[in-house]
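*Asks:* Below are the structure tokens for one structure; questions will follow.
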Amino acid sequence: MGQLIRMDADEQSAETNPRSSAGFGYAVIIREAMASQNVSLRELQRRGVVNDRLRRQLFEKIEAGLISVTELQQVYDCLGIDPLRAMVAVQVLNNPQAYFDPCCETIAAYTEELGIALNEQLSAVRGDFKPIRRNLCRSHAQKITEQICAHHARVVEREETPIA
């Protein structure tokens with residue numbers, strides 16, 4: 001069995017506020033994906049994604065943070081859910097519904113590409129890598145978002161310009 005996803009103490013306050021749990025957020029995304037694809041829990045079982053025991057307790061286990069990484073990944077794979085995008089929606093944006101927003105998709109894509117590019121560049125740099133200060137990260141993020149917004153404005157303008 002895979003590693004269990006455990007929520008920290010703040011996230012485990014689901015008894016007093018069930019919607020405060022990160023697990024709740026991941027369950028929301030899975031429920032939405034299942035509904036939009038018209039996939040039931042029984043269908044997940046028929047496809048071999050979950051067994052009968054997990055089928056009966058899937059959302060409870062996710063919300064409690066007691067599902068294994070392997071089991072969660074199988075559900076994600078079956079439903080076409082991007083785990084990085086789900087994490088961005090739940091952990092960064094604090095809104096599981098954001099998963100279905102193009103902004104979240106863009107953030108996840110940039111996160112993945114930044115990770116790949118930085119890792120490649122750092123392998124060519126001599127010495128120990130030191131993390132940069134949060135303020136510098138914020139400054140870089142501001143510049144990137146300005147470029148993204150400018151690109152979006154150009155795309156919208158092109159779409160709205162009639163073809164002569």
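What follows draws every value from the coordinates through simple rules; no lab data is involved. Small disclaimer: the values here were computed from a predicted structure and weren't measured.
*Asks:* Compute the helix-to-body angle for 52-64: its Cα long axis versus the longest principal axis of the chain, expressed 0 to 90° and rounded to tens.
*Replies:* Its long axis makes an angle of about 50 degrees.
*Asks:* Which residue fluctuates most in the GNM of the chain (Cα springs below 10 Å): Arg154, Arg46, Arg31?
*Replies:* Comparing Arg154, Arg46, Arg31 in a Gaussian network model of the chain, the most mobile one is Arg154.
*Asks:* In a GNM of the chain with a 10 Å cut-off on Cα contacts, which of Pro96, Pro131, Pro83 has the highest mean-square fluctuation?
*Replies:* So, out of Pro96, Pro131, Pro83, the one fluctuating most is Pro131.
*Asks:* Tell me the angle of helix 69-79 to the major Cα principal axis of the chain, expressed in degrees between 0 and 90 and rounded to the nearest ten.
*Replies:* Helix 69-79 sits roughly 70 degrees off the main axis of the chain.
*Asks:* Working from Cα positions, state the angle (0 to 90°, nearest 10) between the long axis of helix 22-37 and the longest principal axis of the chain.
*Replies:* 90
*Asks:* Given a cut-off of under 8 Å on Cα pairs at least six residues apart, what relative contact order in percent is computed for the chain?
*Replies:* Result for the chain is 22 percent.
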